[in-house]
Amino acid sequence: MQRETLFWLGLMLVGGVLLGGRAILVGNGRQYVERVTTTADVAATEGAAAQAVELTDYVNIPARERDAPGVRVSFARTVGIWVAAFCTLGIMSFLLGETPPYKLVESVFVGVSAAYWMVVGFWSEIVQNLLSHLVPGLMRATLLPGLSEKTVPNYWYVVPLVLSVMMLWRLAPKGAWIARWPLAFFIGATAGIRLVSYLEADFVQQISSTILPLVVFGADGSFDVWASIKNTLIVSGVLLGLVYFFFSVPHKGVVGGLAKGGVWLLMITFGASFGYTVMGRIALLADRLEFLFDDWLWLIDPTLQRAGM
Amino acid sequence: MKRTVPLMIAATTGFVLIVSYFIPYTESWGEDAMTWFNILAAIAFILGGGNLLRMQLQKISDRRPGWGYAAVTLAAFVITLFFGLFKIGVQPTAAFPTNAWAAPYDREGSALWWCVEYLYRPLASTMFALLAFYIASAAFRAFRAKNTEATILLVTAFIVLLGRTYIAGIVREWLPEGLQSLSFDNMTNYIMSVFNLAGMRAITIGIALGVASTSLKVLLGVDRSYLGAGDE
């Protein structure tokens, strides 16, 4: 065995023993829950009298209240915390290269996310929008009891049903061209929606917001220097940026100079966007580290979950 | 049939949506088309899932390198799908106490909720968090103050980065009263509310014009790239 492999193996073993010991002695990574029972009344229906049904929910309880009556360790949620910690470390192991733990959790991520978005699409679109319009009676009796009694079958929804079947045809070995019809609908709808919405929200609205007074007076009638400079910079900045994007005229002479100013402005924008993106990612990283050190290892306690323990 | 009909479908759908925006009587057409669009988007997820299933099964049956990971993907996919479609572990809500099918599919405590809470969210956010390292290392290698433009970008990024940290507050305390406006957090605010705003507006207006012209090209049949090259 190579010296490097031996070193990492030893390090992981020591880490595992320390973690296990800490989990036994301190009890870190445990999630406590409390069982909450409520009663809901069920109205009388034909052939069934009114009744009260007991509903059970489990709510998370901070570890500092673990000795309170009715509070117990949730096995599923505790396992969840350890699994989430393994997944977090697995993804972070990519910093050392494409390690087996990374490849394992990456595979899990691909499978879970694909299935999750399929489930979301099924319940929120296919059931909620397609089936509720095609067979409202059946949906009201089974999956959507809250569906309005006024909802009647709308057979126009056979069209998206047919288009859906045509789209799934792509999985068939022959006749893949059939999937072009729903794809064309998709592309056409996207183009139609985007054309209007972008022109309204991103073109007209942005121009409207840029038409600002260049000389600003305060409420008391005095000249507001800073607001005037700010508005002038915004208006001239937008114009300079647009000059840079205007390629119908060669960027030479005066236009070239203005375009140069536009480039400088865009560089400031990209620099600010870059700074913001980095800060956003670092915030996410801090969140994951907080999960590891707070929820899992119980080494820090920023929200006082374990105060007094 | 294979190319003309899709062109007509795209044009009709697009123009109906544009017209419906301007005529109150046809507003509901636009709403219906939007709903159909969302239904087809959901079906596209099923198509994606089907493709994923096919590819992973192919990899496993061919015993290609890394087929074990394909089996893990397949298992994660099938198990999560089963949990979600059959609402495993979903408890009924007070609104419909005798019908668990009426409860939300991702209700707290359900099997799908567990998968999302302890698998999907940690994995997704850690993946994005990891980008912090790569963005920083890429920036370290790529950002060189070689010319005016690069220097402006570098300085702005540096100010905005520092302006959003605790260091900004510490530096502000050191600065004399008259130079408070030059602190990192104040400069970040100026950059964001003036220069960044102006730059983003110019970019947004450019994007809007680009989207509008691309959409028109698609609807008028000038851009047919979405139909693919061959007949099949």
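The values are calculated or read from the model by the stated rules, or taken from the named source; none is laboratory data. If you're wondering where the values come from, they're calculated on a predicted model, not measured in any experiment. Glycine gets a Cβ as well: all are built from the backbone with ideal geometry, and neighbour counts include every protein chain shown. SASA here: full protein model, heavy atoms, side chains in, ligands and nucleic acids out. Shrake-Rupley method; radii C 1.70, N 1.55, O 1.52, S 1.80 Å.
Tabulated data for the structure shown
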item	result
Those residues of segment B:60-72 which are more than 8 Å from chain A (Cβ to nearest Cβ) and in a helix (DSSP H, G or I), in sequence order	B:Ile60, B:Ser61, B:Trp67, B:Gly68, B:Ala71
Test: residue in segment A:70-83 that is within 10 Å of chain B (Cβ to nearest Cβ), free of Cβ contacts under 8 Å to residues at least 24 places away in the same chain and crowded, with 17+ Cβ neighbours inside 10 Å	yes
Hits in segment B:73-123 - residues which are among the basic types (Lys, Arg) and either in a loop (DSSP other than H, G, I, E, B) or crowded, with 18+ Cβ neighbours inside 10 Å (or both)	B:Lys87, B:Arg107
Matching residues in segment A:261-285 - criterion: being buried (at least 19 other Cβ atoms within 10 Å of the Cβ) and of a type in the set (Gly, Ala, Ser)	A:Gly262, A:Gly271, A:Ala272, A:Gly275
Pairs, first more than 29 Å from A:Ala115 (Cβ to Cβ) in segment B:120-147, second assigned to a helix (DSSP H, G or I) and of a type in the set (S, T, N, Q), C-beta under 7 Å, six or more apart	B:Ile135/A:Thr277; B:Ala145/B:Thr151
Output for segment A:184-202, where each listed residue is facing chain B (nearest Cβ under 7 Å), over 25 Å from the mean Cα position of the chain (by Cα) and surrounded by fewer than 21 Cβ atoms within 10 Å (Cβ to Cβ)	A:Val196, A:Leu199
Given (1) under 27 Å from A:Glu34 (Cβ atoms); (2) assigned to a helix (DSSP H, G or I), number of the condition B:Ala138 does not satisfy	(1)
For B:Thr93: the one exception among (1) under 30 Å from A:Arg30 (Cβ atoms); (2) under 29 Å from the mean Cα position of the chain (by Cα); (3) modelled with pLDDT under 90	(2)
Breaking point among (1) more than 8 Å from every other protein chain (Cβ to nearest Cβ); (2) surrounded by fewer than 17 Cβ atoms within 10 Å (Cβ to Cβ), for A:Ser132	(2)
Qualifying residue in segment A:210-227 (condition: assigned to a helix (DSSP H, G or I), touching a residue at least 24 places away in the same chain (Cβ under 8 Å) and in contact with a Ser or Thr (Cβ under 8 Å, 6 or more places away or on another chain))	no
Failed item, numbered, when A:Met139 is tested on (1) more than 7 Å from chain B (Cβ to nearest Cβ); (2) under 28 Å from the mean Cα position of the chain (by Cα); (3) among the aliphatic types (A, V, I, L, M)	(2)
Pick from segment A:85-107, criterion within 7 Å of chain B (Cβ to nearest Cβ) and open to solvent by 20 Å² or more (accessible area, probe 1.4 Å), ranking: farthest from B:Trp101 (Cα to Cα)	A:Leu95
From the options A:Lys252, A:Lys260, residue that is at the interface with another protein chain (Cβ under 10 Å from one of its Cβ atoms) and among the charged types (D, E, K, R)	A:Lys260
Residue, least open to solvent (accessible area, probe 1.4 Å), within segment B:134-149, restricted to residues that are modelled with pLDDT of 85 or more and within 8 Å of chain A (Cβ to nearest Cβ)	B:Glu149
Residue check for A:Val119: more than 30 Å from B:Arg3 (Cα to Cα), within 7 Å of another protein chain (Cβ to nearest Cβ) and either in a helix (DSSP H, G or I) or modelled with pLDDT under 95 (or both)	yes
Single residue of B:Arg164, B:Arg201, B:Arg172 found to be more than 7 Å from chain A (Cβ to nearest Cβ), in contact with a Ser or Thr (Cβ under 8 Å, 6 or more places away or on another chain) and either modelled with pLDDT under 95 or closer than 30 Å to A:Leu258 by Cβ (or both)	B:Arg172
Every pair of residues 6+ apart whose Cβ atoms lie under 9 Å, when the first sits in segment A:140-169 and is in contact (Cβ under 8 Å) with a residue 24 or more places away in the chain while the second is assigned to a helix (DSSP H, G or I) and aromatic (Phe, Trp, Tyr)	A:Tyr157/B:Trp36; A:Pro160/A:Phe185; A:Pro160/B:Trp36; A:Pro160/B:Phe37
One residue from A:Val59, A:Val110, A:Val152 being modelled with pLDDT of 90 or more, open to solvent by 40 Å² or more (accessible area, probe 1.4 Å), outside any helix (DSSP H, G or I) and within 11 Å of chain B (Cβ to nearest Cβ)	A:Val59
Complete set of residues in segment A:7-56 that are part of a strand (DSSP E or B) and among the aromatic types (Phe, Trp, Tyr)	A:Tyr32
Check on A:Leu258, under 30 Å from A:Ala23 (Cβ atoms) and either open to solvent by 60 Å² or more (accessible area, probe 1.4 Å) or among the aliphatic types (A, V, I, L, M) (or both)	no
Top-ranked residue of segment A:27-44 - restricted to ones that are more than 14 Å from A:Phe75 (Cβ to Cβ), open to solvent by 60 Å² or more (accessible area, probe 1.4 Å) and more than 10 Å from chain B (Cβ to nearest Cβ), ranked as nearest to the chain's Cα centre (by Cα)	A:Glu34
Residue among B:Ser215, B:Ser193 that is in a helix (DSSP H, G or I) and at the interface with chain A (Cβ under 7 Å from one of its Cβ atoms)	B:Ser215
